[in-house]
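Taking it in order: structure first as structure tokens, then the write-up.
Every number in this text was worked out from the coordinates using simple rules, so none of it is lab data. These numbers were taken from a predicted model, which means no experiment stands behind them. Methodologically, a virtual Cβ is constructed for each residue, glycine included, from the backbone with ideal geometry; neighbour enumeration extends over all protein chains shown.
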Amino acid sequence: MSEIIKFINRIENCDTLAFTDAMPTECVDLVICDGPYGVTGFDWDEVSCIQEYNLGLIRKFSRILKPGGALYLFGKCASIDFIDYRPYLELSTKIVWYQPSRLAQGRLKYTNNYDIISYFTKGKAKTFNLDDIRVEQMVELEHRKRCENVPSVKNGPYGKTLFNEKGKNPGDVWGDIKQLTYKSKELISRDLLNTIQKPERLIERLVRASSNAGDIVYDPFCGSGTVPVVCRNLERRFVACEINPGYVALANERLNGGKTNVAEVETEVGLVESNQMAFL
Ligand SMILES: C[S@@+](CC[C@H](N)C(=O)[O-])C[C@H]1O[C@@H](n2cnc3c(N)ncnc32)[C@H](O)[C@@H]1O
């Protein structure tokens, strides 16, 4: 289906379920899926069973991902409970995106303070750019170095924990990236707070870790366009889809309001030619 070329670096106003089915097999390197969570009263968030809905998505994404490609699936803590995704993709990590700043005013039970980002791969991951996503070491340097001089640490199986000047692996609980607030410069509309717009830093970490410049990133639920904006900034190509025409307009405005436009990015990294190769 060579027509997919025309969808590169564009936001389509359509239903992602049908759109994904029309995509060619093994055509994308990474999927970042920030779709319904099944917890709010918004029309677009109402699904009868979020786990079954997510299983359907995982099956669809497994077909369009290249071998070694990755999927990040956003949701709440039970978003993939009691479903068998194993025939489609391998679950590598459940990342906890911890948001300590949530108001936490619940009285009847513990307030939820995190989202889950389920990280799947199609077979062995072909890309994991750890050096691009390292975070600051929290331990004090001198103490750390003293520990490393203990022979069993230096030469033993824990040698891999040696201090790295570039920082450490971010691990699977991320508390260092704050949810947007109404004061955040990048927030494009107050209506999008909490339910729609994700922080660029969060999406950047996923894109940097699991793709390289020129790779194709699919955003099936693009909302305000955070994934396309990050892809543009990091010289990845994107295919994006959004059902609400208002959000499509907003996302396009955001995308075109930046320093670089999509056409420039294409020219800079020779994307038009390589893209044609990818789908023909
Ligand atoms: C959580 S928001 C995505 C937010 C986005 N990551 C951002 O940072 O702006 C989910 C989006 O999915 C859209 N959506 C829901 N169902 C859809 C479908 N079947 N096809 C396409 N878009 C859909 C909603 O309109 C909403 O904008």
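A few remarks follow.
- Put simply, when 11-19, 56-64, 182-190 are sorted by average Cβ atoms within 10 angstrom per residue, most first, you get 56-64, 11-19, 182-190.
- Each Lys or Arg adds one and each Asp or Glu takes one away; over the other residues whose Cβ falls under 9 Å from the Cβ of Glu90, this sums to +3.
- In degrees, nearest ten, helix 200-210 long axis to first principal axis of the chain (Cα): 80
- Relative contact order computed over the chain (Cα-Cα under 8 Å; 6+ residues apart), in percent: 25
- Under 5 Å, built H, 5+ apart or other chain: amide partners of Leu30: Ala70, Ile216, Tyr218
- Rounded to the nearest Hz, the phi-derived 3J(HN,Hα) couplings of region 46-56 under the Karplus curve 6.51 cos²θ - 1.76 cosθ + 1.60 (θ = phi - 60°) are 8, 10, 5, 9, 4, 5, 5, 4, 5, 4, x, where x marks glycine and proline.
- Check: the chain dipole with +1 on Lys, Arg Cβ and -1 on Asp, Glu Cβ, in debye: 980
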